[in-house]
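What follows is calculated from the coordinates using simple rules that are stated; it is not laboratory data. Owing to the predicted nature of the structure, the values given are computational and were not obtained by experimental measurement. Cβ atoms come from the backbone with ideal geometry, glycine included; neighbour counts cover every protein chain shown.
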Protein chains: 6
Amino acid sequence: MEHSKYGDDFNVGDIYTTAAITVTETHVVNWAGLTMDFYPLHMDKEYAAKTPFGERLVHGPLIFALAVGLVGSAGFAGDSAIAWLGADDMRMLAPVKIGDTVTVKVEVIDKQPTSKPERGIQVWRYTVKNQRDEDVMVFDYKMMFHMRG
Amino acid sequence: MEHSKYGDDFNVGDIYTTAAITVTETHVVNWAGLTMDFYPLHMDKEYAAKTPFGERLVHGPLIFALAVGLVGSAGFAGDSAIAWLGADDMRMLAPVKIGDTVTVKVEVIDKQPTSKPERGIQVWRYTVKNQRDEDVMVFDYKMMFHMRG
Amino acid sequence: MEHSKYGDDFNVGDIYTTAAITVTETHVVNWAGLTMDFYPLHMDKEYAAKTPFGERLVHGPLIFALAVGLVGSAGFAGDSAIAWLGADDMRMLAPVKIGDTVTVKVEVIDKQPTSKPERGIQVWRYTVKNQRDEDVMVFDYKMMFHMRG
Amino acid sequence: MEHSKYGDDFNVGDIYTTAAITVTETHVVNWAGLTMDFYPLHMDKEYAAKTPFGERLVHGPLIFALAVGLVGSAGFAGDSAIAWLGADDMRMLAPVKIGDTVTVKVEVIDKQPTSKPERGIQVWRYTVKNQRDEDVMVFDYKMMFHMRG
Amino acid sequence: MEHSKYGDDFNVGDIYTTAAITVTETHVVNWAGLTMDFYPLHMDKEYAAKTPFGERLVHGPLIFALAVGLVGSAGFAGDSAIAWLGADDMRMLAPVKIGDTVTVKVEVIDKQPTSKPERGIQVWRYTVKNQRDEDVMVFDYKMMFHMRG
Amino acid sequence: MEHSKYGDDFNVGDIYTTAAITVTETHVVNWAGLTMDFYPLHMDKEYAAKTPFGERLVHGPLIFALAVGLVGSAGFAGDSAIAWLGADDMRMLAPVKIGDTVTVKVEVIDKQPTSKPERGIQVWRYTVKNQRDEDVMVFDYKMMFHMRG
């Protein structure tokens, strides 16, 4: 199988930015139902109103998932990725509220060969920003790529 | 606000196990739609049949999200958690296929005070297992808890 | 507001039958997410395999909800209903499995006036049947109707 | 199979309360789609504005379903329930509007043995309340439980 | 199989009108996820605010799909339709915004026999209107019907 | 606002192909719920088994919607499209069954200027193919594009 892109096409320091998406109440309710996370800070307006946040917050892992989707949809990597290996140093940096709009800045931060020349490992840092250009989440996403070998 | 549990109630070495859930085709299709991740390995049976996996795989981040939901639903922590701080050392250890059933083993691995006596930080290791008791994902989940102070 | 039908158009003993719908795994997973009912008999294939049923069952309240929807979609009552008052004597009569197809037989079993001549109360008995014509659920559905007065 | 709880653990007069959930427009639209109930009082803002309610109402059976889910999620019963037998005396007591937040008070009101000592029947009264502590729905939920025998 | 209605029951010039539905943010987000159309004009509040429309618009094909559903739900055609053949001259006439309410006016505009007397082809013109009675979409919907023959 | 692509970048005769997606039972059930189209040929296994098709078919308009989404996700047009104007000559050419995998071949078939030099109209022919390379649907999709002017 020929690939549209290869890990060789990405270099440490490369930066990409994605489209943005508004995180709606629908995202939050559908997320809760799909992932079984009905914590009242996300689902109970009355409870949330009494917290320091004053209103329902978006689930943190939903921000992670949307970041992965925004980067995938942007198509930077074509079909060069073989598998997702994991993530490191994931941190919520600021709360996301219903109606906020998020986008992702991606930076290639590491490239490593494997024992097979046609496979390489890379780490891409995903920084999620809101509509005020504030960083709301950051994590390092580790993937196995097809290499031209 | 009085809490049903406090971070004080958890100690390094404590182990909990959750209920299990079967990851269905519906989970995969709804996840793709919610998170915008339509990578063909998850969504295209014909493509997946030609990969070494031979069939569509479940999105890795969905396993992370289900693990978070299974632990939350188990109610171990009551309403003692204030906020999710992040995750470390997340690794996919084995592919999950449509129809597999996953459960989570949780171990408290770290407890730290903060500058405020009524708040503490803990790290819980989540190990996700399938119906053959194989580890499919592991990650360290970091949370801020209410402490009795 | 003129109405397409009135409670006057229904008489004790009238019988209606609806279209049918196959209850899919998607119905069960979406229902669980929307209503927060992840009981393992519905969601965990491994658990369900060890019960006397041998496989996952459809949530009973989902059968109730589908019955209400099938009757509403059939349009027997036009826009003559003002409000749903409640239900009585709801009983699960047989388990429903994923892939079963259900339909509803409706019988008008009671009609009562109210203190206002333009409003009446009726009770309709809904009997839900599967594709083998077995009764799987029955309940008496109580509604307030517009009357010609 | 050992159970985490048994019917023996519940006594007439016991009272439990659940978490709460805000009923959003997403709940209403997803409910309509899943259950085929598109009655204009729930789905058509223009129609609803002309009714005495003045705005779209939440489907009554959705309140029933959320109550079942809130009680199940609360985990009072562990895995002691074998099957749902039915419900009695279900009544809508007040309309629920989009954005209202509901919680459930549960009271054990009846316990009966069966011909098998390891199985018992119980009736729990579910009273659904909104954020103003008004009762919006009540019903008696009948279940078969594992008994220690 | 006997049919509740036949193509013979419809004549050129017949006009039907459907119920209405409010197009919510939930419709838009669920549509995007199901159909993979995350164009920022529909999904990104910040982007949409800078366009001449000033806010997010509803996906045009969703209006087509809702029109098909509103006509089907209205039940004019009973089970007389065998298959959907296609559509012609579909035009968006005005933007639809989140919160608008749409209804459909249907006019039978063409009837043709086929080589088989028990099958006929008809074209029905669907005109979708909003709550201000403005035409927002029009298309000609072509179906094969059962004929009495 | 600068655009990533312009209508000028597309010429009559240009051909593009998209990724593919498997149309699952989940797509069909979610589509029915979102668009209110519960026609038994799509939703009732027992009914469908008695038709010449022998099993449930995928809703035709869902194929249209997926085609629009596959082309949008492919990103050929960047953000050059201003608005969707409509579609012509849409025809179902073959039934699509649950589990079929569809992809789209796009051909630019017409380009027209408008009275404003910075706007142009184009017609793209979308041919939807299944996993056996059979054409299942075709339609001409008409869009307004940003032109370099």
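A few remarks follow.
- Residue match in the stretch B:102-113 (condition: surrounded by fewer than 21 Cβ atoms within 10 Å (Cβ to Cβ), without any contact (Cβ under 8 Å) to a residue 60 or more places away in the chain and closer than 30 Å to residue A:94 by Cβ): yes
- In the set B:78, B:54, only one residue is away from chain E (no Cβ under 14 Å) and touching a residue at least 60 places away in the same chain (Cβ under 8 Å); that residue is B:78.
- Residue check, residue B:93 within 14 Å of chain E (Cβ to nearest Cβ) and not aromatic (Phe, Trp, Tyr): no
- The set of residues from the stretch E:12-48 being of a type in the set (A, V, I, L, M), at the interface with another protein chain (Cβ under 7 Å from one of its Cβ atoms) and either touching a residue at least 40 places away in the same chain (Cβ under 8 Å) or surrounded by fewer than 20 Cβ atoms within 10 Å (Cβ to Cβ) (or both) comprises E:19, E:20, E:21.
- Within the stretch A:109-123, being within 14 Å of chain B (Cβ to nearest Cβ) and assigned to a strand (DSSP E or B) holds for A:119, A:121, A:123.
- Matching residues, the stretch B:124-149, being within 14 Å of chain C (Cβ to nearest Cβ), of a type in the set (Lys, Arg) and free of Cβ contacts under 8 Å to residues at least 24 places away in the same chain: B:132
- Count of residues meeting criterion [at negative phi and either at the interface with chain C (Cβ under 8 Å from one of its Cβ atoms) or over 15 Å from the mean Cα position of the chain (by Cα) (or both)] in the stretch D:96-108: 3
- Of all residues in the stretch B:95-108, those that are assigned to a strand (DSSP E or B), among the β-branched types (Val, Ile, Thr) and closer than 19 Å to residue C:45 by Cα total 4.
- Flag for residue E:54 being surrounded by 15 or more Cβ atoms within 10 Å (Cβ to Cβ) and more than 25 Å from residue F:140 (Cβ to Cβ): no
- For residue C:65, the stated conditions hold: it is touching a Pro at 6+ places or on another chain (Cβ under 7 Å), buried (at least 20 other Cβ atoms within 10 Å of the Cβ), more than 22 Å from residue B:25 (Cα to Cα) and more than 14 Å from chain A (Cβ to nearest Cβ).
- Odd one out for residue D:99, checked against (1) closer than 19 Å to residue C:36 by Cα; (2) touching a Pro at 6+ places or on another chain (Cβ under 7 Å): (2)
- Test for residue B:7: is it more than 30 Å from residue A:80 (Cβ to Cβ) and buried (at least 21 other Cβ atoms within 10 Å of the Cβ): yes
- Filter result for residue F:73 (within 13 Å of chain E (Cβ to nearest Cβ) and small (Gly, Ala, Ser)): yes
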